[in-house]
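The values are calculated or read from the model by the stated rules, or taken from the named source; none is laboratory data. Only a predicted model underlies this, so the values are computations on that prediction, with no experimental measurement involved. Positions of Cβ are generated from backbone atoms using ideal geometry, with glycine treated the same way; all protein chains shown enter the neighbour counts.
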């Protein structure tokens with residue numbers, strides 16, 4: 001597949017923001033070229049650090065773990081909607097208006113949403129924009145199989161209504177994408193989460209091809 005490759009992965013470092021209550025990333029040098037002839041580092045992160053995929057087992061007791069996700073299900077045509085000029089919660093009406101401006105059919109599997117992401121040097125608890133439950137239902141009703149956001153969560157409510165709706169209906173969730181330099185439009189999406197056996201999520205490398 002030819003085209004321009006755009007990396008939309010948020011890198012992981014000790015300064016990467018995490019969801020309130022999640023482990024803060026730790027990176028330590030274990031060996032060095034000067035002393036050992038080679039460099040090795042130890043990293044300690046939560047499964048939902050940086051750009052990551054939420055597995056169904058994140059909220060569903062008997063849901064599949066991230067290693068059970070078929071890689072092909074996280075690939076496909078994508079539409080990226082730029083909602084950064086809006087304010088407040090993202091509603092179904094806002095999604096509908098922006099989506100219709102592309103006159104797209106209903107056969108695009110991946111929906112990406114760009115907002116004015118709030119960032120800090122450590123723990124992030126507040127999000128400037130988030131998906132309402134009506135927006136979540138709109139996404140499901142339009143047949144998307146993957147939803148990706150540049151915020152740390154597709155929810156703002158502790159009950160996680162959108163997580164529940166999406167994962168119960170086999171809609172993959174990709175969070176904390178780096179979309180600030182991506183222009184609204186159509187792309188080909190590839191997301192490959194780490195194959196961490198038995199885990200509820202994993203960091204991922206995500207690219208777009210234009």
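Please verify whether residue 21 is surrounded by fewer than 10 Cβ atoms within 10 Å (Cβ to Cβ) and under 24 Å from residue 66 (Cβ atoms), treating the condition exactly as stated. Step through it out loud before you land on a result.
Details: surrounded by fewer than 10 Cβ atoms within 10 Å (Cβ to Cβ): yes; under 24 Å from residue 66 (Cβ atoms): yes.
Yes, satisfied.
If you go through segment 26-47 one residue at a time, how many are within 23 Å of residue 172 (Cβ to Cβ) and out of contact with any helix residue (DSSP H, G or I) (no Cβ under 8 Å at 6 or more places or on another chain)?
The first filter runs over segment 26-47 and keeps only residues within 23 Å of residue 172 (Cβ to Cβ), leaving 45-47.
Those still in the list that are out of contact with any helix residue (DSSP H, G or I) (no Cβ under 8 Å at 6 or more places or on another chain) too: 45-46.
Matching residues across segment 26-47 total 2.
For segment 3-119, give me every one of the strands (runs of 3 or more DSSP E) that falls completely inside it and has 3 or more residues that are under 17 Å from residue 150 (Cα atoms) and touching a strand residue (DSSP E or B) at 6+ places or on another chain (Cβ under 6 Å).
On the way: elements: 5-7, 26-31, 40-44, 52-54, 75-82, 110-114.
Because the criterion is at least 3 residues that are under 17 Å from residue 150 (Cα atoms) and touching a strand residue (DSSP E or B) at 6+ places or on another chain (Cβ under 6 Å), the strands (runs of 3 or more DSSP E) in segment 3-119 that meet it are 52-54, 75-82, 110-114.
Please indicate, with yes or no, whether at least one residue in segment 163-172 is at pLDDT 95 or above and closer than 15 Å to residue 19 by Cβ.
Here is the first cut: in segment 163-172, the ones at pLDDT 95 or above are 163-172.
Next, only the ones that are closer than 15 Å to residue 19 by Cβ stay: 163.
Scanning segment 163-172, I find at least one residue that is at pLDDT 95 or above and closer than 15 Å to residue 19 by Cβ, so the answer is yes.
I need every pair where a residue in segment 96-110 that is surrounded by 10 or more Cβ atoms within 10 Å (Cβ to Cβ) has its Cβ under 7 Å from the Cβ of a residue that is modelled with pLDDT of 90 or more and part of a helix (DSSP H, G or I), sequence separation at least 6 or different chains.
Cβ pairs passing all conditions: 96/138.
Looking at 36, 20, which is the one that is at pLDDT below 95, farther than 23 Å from residue 191 by Cα and over 16 Å from the mean Cα position of the chain (by Cα)?
None of the others qualify; the one that does is 20.
Restricting to segment 190-210, name every residue that is over 12 Å from the mean Cα position of the chain (by Cα) and within 10 Å of residue 112 (Cβ to Cβ).
Scanning segment 190-210 gives a single hit, 208.
Criterion first (closer than 17 Å to residue 95 by Cα and buried (at least 17 other Cβ atoms within 10 Å of the Cβ)) does residue 154 satisfy it? Don't jump to the end; show me each part of the working.
Values: closer than 17 Å to residue 95 by Cα: yes; buried (at least 17 other Cβ atoms within 10 Å of the Cβ): yes.
Taking the combined requirement at face value, the residue satisfies it.
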